[in-house]
1. Please identify the DSSP H helices in chain B that span no less than 15 Å along the helix axis (Cα) and have a mean Kyte-Doolittle hydropathy of -0.5 or more.
2. Take the Cα pairs of the protein assembly as shown, get the Kirkwood Rh, then feed it into Stokes-Einstein at 25 °C and 0.890 mPa s and tell me D in µm²/s.
3. Any aspartates and glutamates with Cα under 15 Å of the A:Lys115 Cα? List them, leaving off those in the same chain fewer than 8 positions away.
4. Once you have a ≥ b ≥ c as the square roots of the Cα gyration tensor eigenvalues for region A:69-220, tell me rounded if a/c is under 1.5, and otherwise prolate or oblate according to whether a/b is larger than b/c.
5. With a probe of 1.4 Å, find how much accessible area the protein assembly as shown has per residue, and write the answer as a whole number in Å².
6. On the principal axes of its Cα set, how long, how wide and how thick is region B:268-353? Give whole Å, largest value first.
7. I need the peptides B:111-119, B:328-336 ranked by packing, meaning the mean over residues of other C-beta atoms within 10 angstrom, with the highest value on top.
8. Could you work out what % of the accessible surface of region A:82-138 is carbon and sulfur, using a 1.4 angstrom probe and leaving DNA, RNA and ligands out of the count?
Amino acid sequence: MIRAQGLIKTFEGQQEAVLKGVDLSLNDGDFISLMGRSGSGKSTLLYLLSTLDRNFEGSVLYDGVSIKEMGVQEIHRLRNEQIGFVFQFHYLLSELSAIENILLPARKANLLDKKLSFARDLLEQVGLSDKADRLPHHLSGGEQQRIAIARALIMQPKYLFADEPTGNLDSKNGEIIFDLFSQFNKEYKTTIIYVTHDQQFGMKAHRRILINDGIIDKIS
Amino acid sequence: MMFLSLKHLLTRKKQSVLILLGIIIGTSAYVAISGMMLGFQTKLMDQLVNNDAHIRISAREELLTSESLDSFPEAEHVFWSLPPSGRKDSAKIQYPLGWFEKLNKDHDVIAFVPQVNINVIFNRASVTVAGRMIGADPLKQERVSNIQQYMISGAFKDIGTSGSRIILGKALMQSLGARQSETILITSGKGPSMPFKIVGVFDTGSKNIDENTVFTSLGDAQKLRGSPSEITDIAVKIEQPDLAEIKSAEWKTSSHEKIMSWQESSASILSVFKTQDIVRNSMTISIIIVAGFGIYNILSILVTQKKRDIAILRSMGFTPNDIVSLFFNQGLILGILGGVIGLGLGFIICFLMGQIEIVPGRMGSSTGRMIISYDLIIYVKAIIIALLSSLFSSIFPARAAGSLDPMDIIRSGGQ
Ligand SMILES: Nc1ncnc2c1ncn2[C@@H]1O[C@H](COP(=O)(O)OP(=O)(O)OP(=O)(O)O)[C@@H](O)[C@H]1O
Ligand SMILES: [Mg+2]
């Protein structure tokens, strides 16, 4: 579980803080949406929670251990083994085929062989079994995002962070992505927290967090 | 990270091949040019070092002055109306026995040979040629220089210890129009001409020896010179030819004679070698620098193009070090591959150059082919240069990539 306490984030050279004291707990198996106006600090909060940004006041604890106290190796192992990311722009590596992209985190963990069949399962689940060897620019945006999700899940992480994963997709593709999210949340007990502007998608979460001008407005 | 590095290289084939070509050309040029120059230098150096003595001790030629005759008791009463001048007639080593003893005791000295060197005039029928006669004991002479290996007919020891027999350079033989076993007349310019029988011919490939030098026995040379028991030179061979200069300097401090190491007598050729080395090295270095800049530029551009990839890799748990190796490996692969192919190509070029026919006996071997050095050190140096330059030019972009903050990249949308 992740506990965030008194998170304050101020960007260098700026007077006003972007996050003004956020307290939050993510329990294992949670399925949470993060909503709010543009500029309210959603992405900023997500980066803090997901260890990408460790330059803030307050604390983020993974199972009681502060991410600020972790060394370079430790933080990268945590990211590799326990965290999956999905960004708005599906950052696939253009040199690698779909399945090679999915297997990248496994390659880092030296689990390439062990994860191969799981990678094929994931491809099946995201509906792209027949496109395993395609390079990213021969895939549609929606397909690329599904590959990115499969990649985020290859290590069966405890946590999945997604920042507007459907921001660039049409509603049909968006639907597919969120169905995958709830499916993985059920099947693998993955804790999922995602940012979205779409009310309808936001409602699919079990818990909804509304953020307004750097503080949590409402949790429901 | 090797997998990804290779993927990067293979995706940009044209760039990679271009850089590879740069390294290959640099490396093979170094190998080929070094092989040729060093082959030539080794051959020439071998001649310089071994054709003559490592150190030559020779009589100092003194000019006569009014003080020259002061040792005579009558000298103080002499009043010169025209003081003596010119070269002292009989240049000779003053205390040869002292030298022999000194050289015998010196552990660095392998062998030495007392010689008489005289300027002579050769006569055959109507042909007259000026030259030089070296009189020496053949067995001792053979231990000091490698003259025997250049004999093309007869044996060096045939000059014996007396009997007026000579061996001479091939070019001299030709200009005299003489033949083996023929007798020619030789005069030192002062005494009468004496007949000498040709018993052998040598061809060292070094023009200035082949065109004017004859060897004869020590006794016969002394007879021709009209000064029995005097010697003009001592040729010395020492254990480490490289140290000849130091040794000669040491001897100079305690001697009146003229002492020259082989380095001093071939200083002008050695300085040509130095110039060759400078040309060879600077040419290679410039080629390699160009290739190095190529790697640097391409990797720097690649790092900027791949910022998104760097951010995503870091978010997946790849460490800054992994990112450094992702780019560094590419330089390493290009360096190793280009270096190894360059060595092979350089070797092939050397082999082909070794097939080229040239005038025998000049800079080539006796078979008339160009001498090429295949010294391991050339290949080691070449691969080190190739590796160092590619590593050096990839480490900076690679480290820049490793120190990028993924957060900055993601916030700016991966641009
Ligand atoms: N690198 C930065 N330097 C300075 N200010 C920044 C930086 N990144 C973000 N901000 C500011 O922090 C605030 C919150 O940004 P954040 O990206 O978290 O908003 P958001 O809620 O994700 O908005 P959106 O819905 O548009 O993505 C904004 O006002 C933004 O201008
Ligand atoms: Mg945002």
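1. Details: long enough: B:13-50 (53 Å, 0.90); B:267-305 (56 Å, 1.17); B:320-354 (50 Å, 1.66); B:376-402 (37 Å, 1.71).
Length and hydropathy pass: B:13-50, B:267-305, B:320-354, B:376-402.
2. Values: Rh = 32.3 Å.
Diffusion coefficient, whole number: 76 µm²/s.
3. Candidates past the 8-residue exclusion: A:Glu81, A:Glu100, A:Glu124.
4. Values: a/c = 1.84, a/b = 1.26, b/c = 1.46.
In terms of gyration-tensor shape, oblate.
5. Numbers: 30040 Å² over 635 residues.
Ligands and nucleic acids excluded, the figure is 47 Å² per residue.
6. Between the extreme Cα coordinates on each principal axis of region B:268-353 lie 65, 25, 19 Å.
7. Working: B:111-119: 21.2, B:328-336: 23.2.
So the peptides B:111-119, B:328-336, ranked by packing, come out B:328-336, B:111-119.
8. Numbers: 1210 of 2570 Å².
The C+S portion of the solvent-accessible surface of region A:82-138 is 47 percent.
The values are calculated or read from the model by the stated rules, or taken from the named source; none is laboratory data. The model shown is predicted, which means the values in this text are computed figures rather than measured ones. All Cβ positions, even for glycine, are placed from backbone atoms using ideal geometry, and neighbour counts span all protein chains on display. For accessibility, only protein heavy atoms count, side chains too; no ligands or nucleic acids. Shrake-Rupley method; radii C 1.70, N 1.55, O 1.52, S 1.80 Å.
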